[in-house]
Amino acid sequence: MINLHDYHFPLIAILRGLAPAEAPQVGQVLFEAGFRLLEVPLNRPGALDAIRELIRIAPPDAIIGGGTVLTIADVDAIRAVGGKMTVSPNCEPEIVRHAVENDMLALPGVLTPTEAFSAMRAGAQGVKLFPAEMTPPEVVKSLRSVIPCETWLLPVGGIRPHSIAAYVEAGASGFGIGSALYKPGVDLATLKLSAHAYMLAREAVL
């Protein structure tokens, strides 16, 4: 069982379009920078193979999984290659329950208190607040006033290093970081600089 207390203030690297051949090098840069949660969205070719490659080189405390999880079959496919995390753009309680029953970290997408509480009733350990462009820190503060502190509240979408502090002050538990960190074809030096910038922003609010 994954203990969320072992992952204080998580930053989830969202690696959309990651090619399996590129995965070991990208993963190594991110692990060395301090990232421990990596998500490969399933709506691009080769996602499951990329997850498998990341798991192969991951440190023991890393959690690797899949994103854009839309069906129970997606959950099973991630689990079959060794993944331990499911991230969705929406909230489907049966998908959350299936992931949790298989000892996986389930992070469904929500935008409202109704969706958030539906996710929590299904067993979600955290919720992906998506898209964050529609939920500024003021909205996060209101959501956190009713969402239990032990539930991860993770804004995702358009998060930059300079925006982290305001969200954390409002009650965010961590973030999902997508194209501002990784895009297919990014050179490793640029990726390293971006990863370092996010980790510096994280350290500043710890």
Relative contact order of the chain, defined on C-alpha pairs under 8 angstrom at six or more residues apart (%): 21
Distance between the range 100-114 and the range 1-55 - C-alpha centres, whole angstrom: 18
Ranked order, HIS5, HIS196, HIS98 - accessible area, probe 1.4 Å, largest first: HIS5, HIS196, HIS98
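Restricting to lysine pairs 8 or more places apart or on different chains, what number in the chain have Cα atoms under 21 Å apart? List each step's numbers first, then the result.
Values: LYS84/LYS128; LYS128/LYS141; LYS128/LYS183; LYS183/LYS192.
Lysine pairs satisfying the spacing and distance rule in the chain number 4.
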Approximate spin-label separation ALA180-ARG160, in nm, with each point projected 7 Å along Cα-to-Cβ: 0.7
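Take every Cα pair under 8 Å in the range 52-146 that's 6+ residues apart, average their separations, divide by the length, and report that relative contact order as a whole percent. Spell out each step's value before the answer.
Numbers: 143 pairs, mean separation 20.0, N = 95.
The normalised contact order for the range 52-146 reaches 21 percent.
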Computed magnitude of the charge dipole of the chain (debye, nearest 20; Cβ of K, R +1, Cβ of D, E -1): 200
Solvent-accessible area, 1.4 Å probe, carbon plus sulfur percent, for the chain: 56
Pairwise label distance in nanometres, SER142 with GLU169, each label 7 Å out on the Cα-Cβ vector: 1.9
Options (1) 36, 18, 14; (2) 27, 20, 14; (3) 24, 21, 14 - which one matches semi-axes √(5λ) of the Cα gyration tensor in Å as calculated here: (3)
Rounded accessible area per residue of the chain, 1.4 Å, Å²: 45
Förster radius 22 Å - calculated FRET efficiency between HIS8 and GLN28 (Cβ-Cβ, nearest 0.05): 0.45
Prolate/oblate/rounded label for the range 1-105 (Cα gyration tensor, a/c 1.5): oblate
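The values are calculated or read from the model by the stated rules, or taken from the named source; none is laboratory data. Because the structure is a prediction, the values reported are computed rather than measured. Every residue, glycine among them, receives a Cβ derived from its backbone with ideal geometry; neighbour counts consider all protein chains shown. Accessible surface is based on the protein model in full, side chains and every heavy atom, while ligands, DNA and RNA are left aside. Shrake-Rupley method; radii C 1.70, N 1.55, O 1.52, S 1.80 Å.
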